[in-house]
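Trainee: I am attaching a structure below and will ask some questions about it afterwards.
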Amino acid sequence: MSEKKGKPDFWRDSLWDAYKFYGEADVRYVQSCNRFLLKIFEQHLSETVDLILKLMTVLVRNGDVKMPRHFDITTGLPSLLDLEGAKDEVGVYRNWYAKHVTWPKDCVAGKETEKFGSISHDVFSPWFLTACRQLAIGVLARNVSLEVDVSATGGPCEVDEPIPEDAKLTLTISRDVEDYLKSGAWRIDEGPTENCYTELRRLPEESRRDYINRVQNTVDVHLINGMALADRIARHPKVSLQGRPLDPTKKHEEMLVRRMFGESIPIIARAMNDALLDEQKRPLEWPKRVIRKRTTRIAERLGFLPPSED
């Protein structure tokens, strides 16, 4: 059978049933998350890097991540970061939110421990905290660099020359971070695989036939668990993703970033008039109302607001 229309011949019924249940709904979600991540890094880079550095600090301090050789918590920038009494990632995020975010007023954040067989997995909310936490872990493992590119206007300036006082500094994320975000590596949607490779080893007294059957079953179990885990992480709090996908040209995510960090509705309307047009490219009659509606909708979808009852 065609993979697009029905069950592939080599898929077991249990895997096919799980796939039909979870489907590809997370594709829309991940696309929206990536647009938000790229905009928040673009418009509020220093604030976001500050969050990630503090998450790195608390992860190492609490022993969730082993102290890497290149990261000494007793020296350098991380040791200077004030965690303001935060005991874990949720505490770090709440402090960061209170300092930088003005809307929504109340911070939605939490941690639940999900059980997948014998493996426990911490699920953080909102997804933005999950994404930043995964990036922090990636930086600690040196899988991605958190370097920031700095450029200055008003030059030209030689490398050894001081930057002119009237120069405007521009901070941008490195290509490494941008590629990481676009890759969706923060998704953790393959499930808990810590013991998977061990389980794929052939046992001393195991026949080849029994080994192949067991490996096929093991992989299916991990794939099914991965879909379940992705569903719990991506929609936490639970938000329905049914209906038409968001139109990127309407810039829901950028409007949310602007509103979260204190831009008023009128300022957003003036700055984003190209996203406030009707199908005939005419200005909308009630742009401020549309901005409120779009930002509320995307804030609910991405977990910054609790989902509305309707």
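The values are calculated or read from the model by the stated rules, or taken from the named source; none is laboratory data. These figures come from a predicted structure and were not determined experimentally. Cβ placement follows ideal geometry from the backbone for every residue including glycine, while neighbour counts extend to all protein chains displayed.
Trainee: Return the pairs, sorted by first residue and then second, in which the second residue is of a type in the set (A, V, I, L, M) and assigned to a strand (DSSP E or B), the first residue lies in the range 123-149 and is free of Cβ contacts under 8 Å to residues at least 40 places away in the same chain, the beta carbons are less than 8 Å apart, and the residues are 6+ apart or on different chains.
Mentor: ASP149/LEU171; ASP149/ILE173
Trainee: Further, regarding this structure: Could you list, in sequence order, the residues of the range 35-57 that are of a type in the set (S, T, N, Q) and touching a strand residue (DSSP E or B) at 6+ places or on another chain (Cβ under 9 Å)? Don't jump to the end; show me each part of the working.
Mentor: Going through the range 35-57, the residues of a type in the set (S, T, N, Q) turn out to be 43, 46, 48, 57.
SER46, THR48 - these are the residues of the range 35-57 that are of a type in the set (S, T, N, Q) and touching a strand residue (DSSP E or B) at 6+ places or on another chain (Cβ under 9 Å).
Trainee: Go through (1) on the phi < 0 side of the Ramachandran plot; (2) modelled with pLDDT under 90; (3) over 18 Å from the mean Cα position of the chain (by Cα) one by one and return the number of the condition GLY117 breaks.
Mentor: (1)
Trainee: A further question on this structure: Does the range 226-262 hold any residues that are on the phi < 0 side of the Ramachandran plot, at pLDDT below 75 and not hydrophobic (A, V, I, L, M, F, W, C), and which are they?
Mentor: Within the range 226-262, GLY226, ASP231, ARG232, ARG235, HIS236, PRO237, LYS238, SER240, GLN242, ARG244, PRO245 meet the criteria.
Trainee: Do we have any residue at all in the range 287-302 that's of a type outside the set (Val, Ile, Thr), farther than 30 Å from LEU129 by Cα and either at pLDDT below 90 or over 23 Å from the mean Cα position of the chain (by Cα) (or both)?
Mentor: Let us first name the residues in the range 287-302 that are of a type outside the set (Val, Ile, Thr), namely 287-289, 292-294, 297, 299-302.
Add one more test, that the residue is farther than 30 Å from LEU129 by Cα, and what stays is 287.
Filter again for either at pLDDT below 90 or over 23 Å from the mean Cα position of the chain (by Cα) (or both), leaving 287.
Yes, the conditions are met somewhere in the range 287-302.
Trainee: Among the residues that make up the range 85-100, is at least one of them of a type in the set (Val, Ile, Thr), over 25 Å from SER174 (Cβ atoms) and surrounded by 16 or more Cβ atoms within 10 Å (Cβ to Cβ)?
Mentor: First pass over the range 85-100, keeping only residues of a type in the set (Val, Ile, Thr): 90, 92.
The next check asks that each one be over 25 Å from SER174 (Cβ atoms); those that pass are 90.
Then drop every residue that is not surrounded by 16 or more Cβ atoms within 10 Å (Cβ to Cβ), which leaves 90.
Looking through the range 85-100, at least one residue is of a type in the set (Val, Ile, Thr), over 25 Å from SER174 (Cβ atoms) and surrounded by 16 or more Cβ atoms within 10 Å (Cβ to Cβ).
Trainee: For VAL221, indicate whether it is modelled with pLDDT of 80 or more, crowded, with 16+ Cβ neighbours inside 10 Å and closer than 29 Å to LEU38 by Cα. Spell out the reasoning first.
Mentor: Details: modelled with pLDDT of 80 or more: yes; crowded, with 16+ Cβ neighbours inside 10 Å: yes; closer than 29 Å to LEU38 by Cα: no.
When the stated conditions are applied, VAL221 does not pass them.
Trainee: Next question. How many residues, within the range 276-308, are buried (at least 18 other Cβ atoms within 10 Å of the Cβ), among the basic types (Lys, Arg) and under 20 Å from PRO266 (Cα atoms)?
Mentor: 1
Trainee: Next question, about the same structure. How many of the residues making up the range 13-42 are under 17 Å from ILE224 (Cα atoms), modelled with pLDDT of 80 or more and buried (at least 16 other Cβ atoms within 10 Å of the Cβ)?
Mentor: The number of residues fulfilling the criteria is 3.
Trainee: Given (1) modelled with pLDDT under 70; (2) in a loop (DSSP other than H, G, I, E, B), where does SER151 come up short, assuming only one miss?
Mentor: (2)
Trainee: Could you list, in sequence order, all residues of the range 56-70 that are modelled with pLDDT under 80 and either aliphatic (A, V, I, L, M) or surrounded by 17 or more Cβ atoms within 10 Å (Cβ to Cβ) (or both)?
Mentor: Selection gives MET67 alone.
Trainee: Within the range 89-108, track down each residue that is within 18 Å of the chain's Cα centre (by Cα) and in a loop (DSSP other than H, G, I, E, B).
Mentor: Result: VAL101, CYS107, VAL108.
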